[in-house]
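Notes for the one structure printed next.
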Amino acid sequence: MEKRIYLDNNATTMVCPKAAQEMQKYHTTFYGNPSSLHTFGIETRVDLRRSLDYVYKLINAPDQDDVLITSGATEANNHVLKAVFLKNLNTKKNHYITTNVEHPTIYNTLQYLESLGAEVTYLPVGPDGIVKAEQVEAAVTNHTVLISIMHANNELGTIFPLAEMVQRVKKKNSQILFHTDATQTLGKISVDVEKLGVDYLSFSAHKFHGPKGIGGLYMRKGQRLDPFFHGGEQMASLRAGTLNVAGIVGMGIAAQEAVQYLDLENTVVRQLRDKLETFILNNIHDTFLNGHKNERTPNTLNIAFQNCEGEALLWDLNQHGIAASTGSACASEELESSRVLRALGVDKALSHMALRFSLSRYTTAAEIDYVISVLPGIIKRLREISSGKA
Ligand SMILES: *Cc1c(COP(=O)(O)O)cnc(C)c1O
């Protein structure tokens, strides 16, 4: 097979081989419905319990709290925002606080709730891509019901000071609910619901080497939400629908491995990311790092190449077998400049010249060396074209 280098791990990741292998059995041998009372059903339940234990461990959730298994972070994010909104329809509590760099699953859901009468404050990030805890505290009103702030941003990797935000908000009013979309941090940095103090946390398996179409919503004890899907009594009636057994097993193994390899993400993966970053900033002129230099997930690098159109760069890299991204998956399709980069104050032209490289524990030193060997030539050629010299 020709060379294929995958540096788009913030969009999705390879399923770890152990999870992929283990899942097979649940399609052809242990295919019983876990709600059934016969052996076919019963035998899957033990494995489900073990898989959930690994997920609880990954986020350090106490046993008495709920982890609702969903089809991914999109569903988890929709569930928490819409369920809280519906619950408060007849109260005066209709104010929500978020940031202006959230994933579309939060941003577009809140825009929809605004159309139904919610009031939403979109806190602006600073030039480093981060919202300060004081900003969140200052935005709280008597009507604030829920705050939703991502743990780390998908396009930049910037990490928000969540624990401090939660502390300040709860001190002001302990009734205010705090949700975080932690899809970009599980498996990359330590995620601990006890230390963060959040009430709700969303995640998705395919961002940490689990399968697609499975994820979850953590709910602190006492903060159970009404179901989003009504029907059967699966998941303690929190979500109707036959369980995705193979998906849950795959997510469990991915969670187990994410715990095992967390140190590696913060040493080996970080070093490879830093190597690529240092090379680009030192050897290719007019390049700018987007986001915070230090408060960042160890695998993510977002760089603007002046006078080099991001889409063209993406295409040239792809011709060399290298997969990167201009930002969010959706932004790539629309050829629209990134809402996140514009929120940083990056000027519109430059926001079209940004590229995101996102590594994983499967990225090798040889792969990064190869990118380093071809990137300067690609940039030079594209810059010559854009300046009319070619
Ligand atoms: C990928 C992603 C999502 C969506 O997750 P799915 O499981 O694909 O629905 C939500 N939020 C963030 C920050 C993401 O990176």
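Key figures
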| quantity | calculated |
| --- | --- |
| Extension reserve of the Gln167-Asp128 stretch, reckoned as 0.36 nm per residue once the Cα distance is removed | 11.8 nm |
| Surface per residue (accessible, 1.4 Å probe) for the chain, Å² | 44 |
| Too-long pairs where the Cα-Cα distance tops 31 Å, listed order kept, from Lys3/Lys380; Lys25/Lys87; Lys170/Lys212; Lys207/Lys293; Lys207/Lys348 | Lys25/Lys87; Lys170/Lys212 |
| Cα-based Rg of the range 17-155 normalised by 2.2 N^0.38 Å, two decimals | 1.38 |
| Inverse of mean 1/r across different Cα pairs in the range 99-143, Kirkwood, Å | 11.6 |
| Alpha-carbon centroid distance for the pair the range 1-77 / the range 209-287, whole angstrom | 10 |
| Kyte-Doolittle mean at least 0.5 and Cα axial length at least 20 Å: DSSP H helices in the chain | 245-260, 365-386 |
| Computed label-point distance, nm, for sites Asn282 and Arg381 using a 7 Å Cα→Cβ extension | 2.6 |
| Approximate shape of the range 109-192 as ellipsoid semi-axes (Cα gyration tensor, √5λ), whole Å, largest first | 21, 16, 13 |
| Cross-link partners of Lys171 among aspartates and glutamates (Cα-Cα below 19 Å; sequence separation of 8 or more within a chain) | Glu134, Glu137, Glu194, Asp199 |
| Dimensionless Rg over Rh [the chain; C-alpha; Kirkwood] | 0.99 |
| Residue-span extension gain [Asn307 to Tyr31] - 0.36 nm each, minus C-alpha spacing | 93.9 nm |
| Solvent-free Debye scattering, log10 I(q)/I(0), computed from the Cα coordinates of the range 275-386 at q = 0.10, 0.13, 0.17 Å⁻¹ | -0.26, -0.45, -0.80 |
| Residues with amide H under 5 Å from that of Asp181, placed H, sequence gap 5 or more | Ile149, Met150, His151, Ser202 |
| Net length gained if the chain between Ala323 and Ile42 were fully extended (0.36 nm per residue, minus Cα distance) | 96.9 nm |
| Hydrodynamic radius (Kirkwood) for the range 100-256, which is based on Cα pairs only, to one decimal in Å | 16.8 |
| Solvent-accessible area, 1.4 Å probe, carbon plus sulfur percent, for the chain | 52 |
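The values are calculated or read from the model by the stated rules, or taken from the named source; none is laboratory data. The model shown is predicted, which means the values in this text are computed figures rather than measured ones. Methodologically, a virtual Cβ is constructed for each residue, glycine included, from the backbone with ideal geometry; neighbour enumeration extends over all protein chains shown. With ligands, DNA and RNA removed, areas are computed over all heavy atoms of the protein, side chains included. Shrake-Rupley method; radii C 1.70, N 1.55, O 1.52, S 1.80 Å.
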